[in-house]
Amino acid sequence: MKDPIAPFTIALLLPLLAIAHAMATATTPANGETLKKAPTEFTLTFNEPATLSRVTLQKTGEMDTQEISPVPSVAAERVTLPAPKLAPGEYTLLYRATGPDGHVMPGTVKFTIAP
Ligand SMILES: [Cu+2]
């Protein structure tokens, strides 16, 4: 996403999002992180209690996505999810979180497991 307008748009929207929407403030692995070992779990920290409806994992270069489960059914500011056994490679964790206002906020975390 190399949109020259995006940084300005984000700067304008951030204060609104912080009030209006649940958003991830931290994740493990962190977005863009390269890990020496495969993770055994994923954690998502939100700015307000969020309910996850679906979490999937996609390996770059593979068609299939893996469903991450179980996903807690109660709203929480910090959610820990079990990670399946993962081979080295590049991954994208995709999640859908619903905040207290009912808005669904999708998000992604990209990480790499070093060979
Ligand atoms: Cu909202």
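The values are calculated or read from the model by the stated rules, or taken from the named source; none is laboratory data. Since the structure is predicted, the reported quantities are computational estimates derived from the model, not experimental observations. Cβ coordinates were reconstructed from backbone atoms using ideal geometry, including for glycine residues, and neighbour counts include every protein chain displayed.
One line per residue, one yes/no per condition, for (1) in contact with a helix residue (DSSP H, G or I) (Cβ under 7 Å, 6 or more places away or on another chain); (2) at pLDDT below 95:
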{"site": "31", "(1), (2)": "no, no"}
{"site": "42", "(1), (2)": "no, no"}
{"site": "47", "(1), (2)": "yes, yes"}
{"site": "57", "(1), (2)": "no, no"}
{"site": "73", "(1), (2)": "no, yes"}
{"site": "90", "(1), (2)": "no, no"}
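Collect the residues in region 96-115 that are within 16 Å of the ligand (Cβ to nearest atom), closer than 23 Å to residue 70 by Cβ and surrounded by 12 or more Cβ atoms within 10 Å (Cβ to Cβ), keeping them in residue-number order. First the steps, then the outcome.
Within region 96-115, the first condition is being within 16 Å of the ligand (Cβ to nearest atom), and the residues that meet it are 96-107.
Now restrict to residues that are closer than 23 Å to residue 70 by Cβ: 96-100, 102, 104-107.
Answer for region 96-115, where residues must be within 16 Å of the ligand (Cβ to nearest atom), closer than 23 Å to residue 70 by Cβ and surrounded by 12 or more Cβ atoms within 10 Å (Cβ to Cβ): 96, 97, 98, 99, 100, 104, 105, 107.
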Legend entry - Some residue of region 74-87 being within 16 Å of the ligand (Cβ to nearest atom) and surrounded by fewer than 16 Cβ atoms within 10 Å (Cβ to Cβ): yes
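What's the total number of residues in region 55-85 that are more than 15 Å from the chain's Cα centre (by Cα) and more than 20 Å from residue 35 (Cα to Cα)?
Step one: filter region 55-85 for residues more than 15 Å from the chain's Cα centre (by Cα), giving 60-64, 70, 73-75, 84-85.
Now restrict to residues that are more than 20 Å from residue 35 (Cα to Cα): 63-64, 70, 73-75.
The number of residues fulfilling the criteria is 6.
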Legend entry - Odd one out for residue 32, checked against (1) away from the ligand (no atom under 16 Å from the Cβ); (2) surrounded by 15 or more Cβ atoms within 10 Å (Cβ to Cβ): (2)
